[in-house]
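Asker: So that we are looking at the same thing, I have put the structure below in structure tokens.
The values are calculated or read from the model by the stated rules, or taken from the named source; none is laboratory data. Small disclaimer: the values here were computed from a predicted structure and weren't measured. Cβ coordinates were reconstructed from backbone atoms using ideal geometry, including for glycine residues, and neighbour counts include every protein chain displayed. These area figures cover heavy atoms from the full protein model, side chains too; ligands, DNA and RNA do not enter into them. Shrake-Rupley method; radii C 1.70, N 1.55, O 1.52, S 1.80 Å.
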Amino acid sequence: MGLQQDTVTWFVGILFLSTLFLCSADVHHYEFFVRESNFTKLCNTTTLLVVNDSYPGPEIRVRRGDTVFVNVHNQGNYGFTIHWHGVKQPRNPWFDGPEFITQCPIQPGTNFTYEVILSDEIGTLWWHAHSDWTRGSVQGAFIILPAENETYPFPTPDADQTIILQSWYNGDYKQIIDQALATGIPPRQPDAYAINGNLGDTYGCTNDTIFRMQVDYEKMYLLRIINAAMNEQQFFSITNHTLVVVAQDASYVRRFTSDYILISPGQTMDVLVSANQNVGQYYMATRPFSDASAMPPDNITTGIFQYTNSEGGLNASLITLPARDDTNATNSFISRIRNTNVTQNPPLNVPTGIDRRVFITIATNTVPCNTSQCLLPNRFVASLNNVSFVFPRIDIVQAYYNSSTGGVFTEDFPLNPPVFYDFTGNLTGFNTRAELGTRAVVLNYGEAVEIVLQATQLGGGGSHPIHLHGFSFYRVGSGSGNFNNETDPRTYNLVDPPLINTIHVPGKGWAALRFFANNPGVWFMHCHFERHSSWGMDTVFIVRNGTTTEPSIRPPLSTMPRCPGT
């Protein structure tokens, strides 16, 4: 059943893409020079690894269905990779980017050219490093404009503006996580948050810059908002202005208005805003949201939405954002996001007859810490179904493609938690230990897949943004408490669920997603809180080849980076 459904999906998708792109697709080339540069913020100078000496890095701007080649030159001091977040890379896992999953790091003094193949993505995505914590400074926007002769499903904006929300640390991001992993304690909190690399006017350093977006009265603007923060979900608003949400994760959604948005790390959101207020200067502002026991710093970072020819000052008391722990505001906003039936979106195709069900519990855990640098007897780890992922030293796609999996990974990730308990209850005294392993889920090509992600109160609890590479998927359900596999599926939205690549799993609750396994390859799934991913809140989904060449992994290039020691 799943294969038949997928064949129809693939055929309809090919017709959809061919109609839009075949006559107009283009090829683009970019050069990324990655090296250490100095930046002064919070009255402190920090050396960061960045692309083309900029923070954030250069913006890629192309059209739907195009192909992009990015030649990455590593002029830094350590290896890294680049991931094209939200790009499906059909049959092309070799260029997806996560270190030791689909490639080995680009070593200092070498270069590597990525081929980024776009399909039906539209709107705003982003690119970032996918090694250690280097994505904190190696990051940038990936803007996908409508194809030639394609229109927006909303009034054409007069202009657009990219807004990247970031975490700022006084220090090298890689050194911060390396020290935390060596000592076994959590990495430190950020020193500030940033908007497009600017810290605004709330941190007390007079040398800090503030981001200004200049607008003209009665013009309409498309904001392309990216949450590139390391571990913080973010609220965002513009004082006295209404936001109209039109897209999420490079897929159009049914338009709705809101005074604020909630956006998780990894997610992107396209928002319309009309410059229809009295000419003046208005704060745009962002602050974190958290429902975990360990809260991020409650800092508000500001920018300015500035009308042309405006005069006068700003009033900080006018900033209106939900409180840092406002779960009602978060859940209310997320519940309003729906798919929209427009010709610019792929035809809605929510799996109904499910071939493969995976139920995954999310937790933070401990294991013994037995190195000389350990500060405590146990060190922090994180897990999915009580398995804390261990990154191999040879990339998984290479081992899988060459049928040399021994010692690299196993194909036995548990499809259910090893123990069922009151996941969202009081777990004081509960065994918090996890097992270590590099274990993958193997899917047959064309299977209809449902994954239920269950948050637990183990460790700090709280919500999680879970990202799946290689796919967009439908968020079909979400709820509080422990998932009930008999009653909760009756609440699923199979009519107009949003098509996304990063899902918010609520604290003390669950979220369900569905997709067809129609992209052969090796695809990483992980929490986009970077500390959790570094601790092992990850797994891998391997989609087997179909029965012909077309639905099969493309062969690798001979120029793929070599793994250290091979």
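Asker: Taking the Cα centre of segment 356-543 as origin, sum charge times position over the Cβ atoms of Lys and Arg (+1) and Asp and Glu (-1), and report the length of that vector in debye to the nearest 20. Can you show the working numbers first?
Answerer: Numbers: 11 positive and 12 negative charges, 49 e Å.
That gives a dipole near 240 debye.
Asker: In the chain, which whole DSSP H runs stretch at least 24 Å along their own axis (Cα) and average -0.5 or higher on the Kyte-Doolittle scale? Before the final figure, lay out the partial values.
Answerer: Working: long enough: 2-21 (27 Å, 1.07).
Helices passing the filter in the chain: 2-21.
Asker: May I ask for the Rg/Rh ratio of segment 350-499, computed from Cα atoms with Rh as the Kirkwood radius, given to two decimals? Intermediate values should be presented prior to the final figure.
Answerer: Values: Rg = 17.4 Å, Rh = 17.6 Å.
Here Rg/Rh amounts to 0.99.
Asker: Further question: Please compute, for the alpha-carbon atoms of segment 360-402, the extent along each of the three principal axes and give them in descending order in Å.
Answerer: Result for segment 360-402: principal-axis Cα extents of 41, 29, 8 Å.
Asker: For the chain, with all protein chains present and a 1.4 Å probe, just round the carbon and sulfur fraction of the accessible area to a whole percent.
Answerer: Taking all protein chains in place, the chain shows 48 percent carbon and sulfur surface.
Asker: On a straight-distance basis, which aspartates and glutamates could pair with K219 in a cross-link, Cα separation under 19 angstrom, same-chain partners fewer than 8 positions away excluded?
Answerer: In chain and number order, the partners are D158, D160, D259, D270, E311.
Asker: Remind me, relative contact order of the chain in percent, using alpha carbon pairs under 8 angstrom and six or more residues apart?
Answerer: It rounds to 15 percent for the chain.
Asker: Continuing with this model, one more query. Could you give the Stokes-Einstein D for segment 47-198 in µm² per second, using the C-alpha Kirkwood radius, 25 °C, 0.890 mPa s?
Answerer: Working: Rh = 16.8 Å.
Roughly 146 µm²/s, to the nearest whole number.
Asker: Shifting gears a bit: Please say if segment 509-558 is rounded, prolate or oblate, where rounded means a/c under 1.5 for a ≥ b ≥ c the square roots of the C-alpha gyration tensor eigenvalues, and otherwise the choice is prolate for a/b larger than b/c and oblate otherwise? Write out the running numbers ahead of the final one.
Answerer: Details: a/c = 4.23, a/b = 1.67, b/c = 2.54.
Judged from the Cα gyration tensor, segment 509-558 comes out oblate (a/c at least 1.5, b/c at or above a/b).
Asker: Ok, one more. Only helical DSSP H runs with n ≥ 4 go in: add -39500 (n - 2.57) per run for the chain, normalise by residue count and round the 222 nm mean residue ellipticity to 500 deg cm²/dmol. Before the final figure, lay out each step's value.
Answerer: Working: 5 runs with 52 residues, N = 566.
Result for the chain: -2500 deg cm²/dmol, rounded to the nearest 500.
Asker: Now, a different point. Compute the distance from the alpha-carbon center of segment 272-325 to that of segment 225-262, in whole Å.
Answerer: 13
Asker: Put +1 on the Cβ of every Lys and Arg and -1 on every Asp and Glu Cβ in segment 356-543; which of G406, N370, F423 then has its Cα farthest towards the positive end of the dipole?
Answerer: Value: N370.
Asker: Could you size up the charge dipole of the chain around its Cα centre, putting +1 on the beta carbon of Lys and Arg and -1 on that of Asp and Glu, and report it in debye to the nearest 20?
Answerer: That gives a dipole near 660 debye.
Asker: List the lysines whose Cα lies under 20 Å from the Cα of K174, skipping any in the same chain that are fewer than 8 positions away.
Answerer: K41
Asker: Once the convex hull of the C-alpha atoms of the chain is built, how many Å³ does it hold per residue, rounded to a whole number? Please list the in-between numbers first.
Answerer: Numbers: hull volume 83.6 nm³, N = 566.
Dividing the Cα hull volume of the chain by its residues yields 148 Å³.
Asker: Can you tell me how much longer the chain between D53 and E148 gets when fully stretched, taken as 0.36 nm per residue apart minus their C-alpha distance, in nm with one decimal? Could you put the intermediate results ahead of the total?
Answerer: Numbers: separation 95, 0.36 × 95 = 34.20 nm, distance 3.23 nm.
Stretched fully, the D53-E148 segment lengthens by 31.0 nm.
Asker: Next up: Would segment 422-566 count as rounded, prolate or oblate if I go by the C-alpha gyration tensor, calling it rounded below 1.5 in a/c and otherwise prolate when a/b exceeds b/c, oblate otherwise? Write out the running numbers ahead of the final one.
Answerer: Values: a/c = 2.42, a/b = 1.34, b/c = 1.81.
Taking the square roots of the gyration eigenvalues as a ≥ b ≥ c, segment 422-566 is oblate.
Asker: So what is the accessible area of segment 369-500 per residue, in Å², with the probe set to 1.4 Å? Let's see the in-between values first.
Answerer: Details: 5810 Å² over 132 residues.
With the other protein chains kept in place, segment 369-500 gives 44 Å² per residue.
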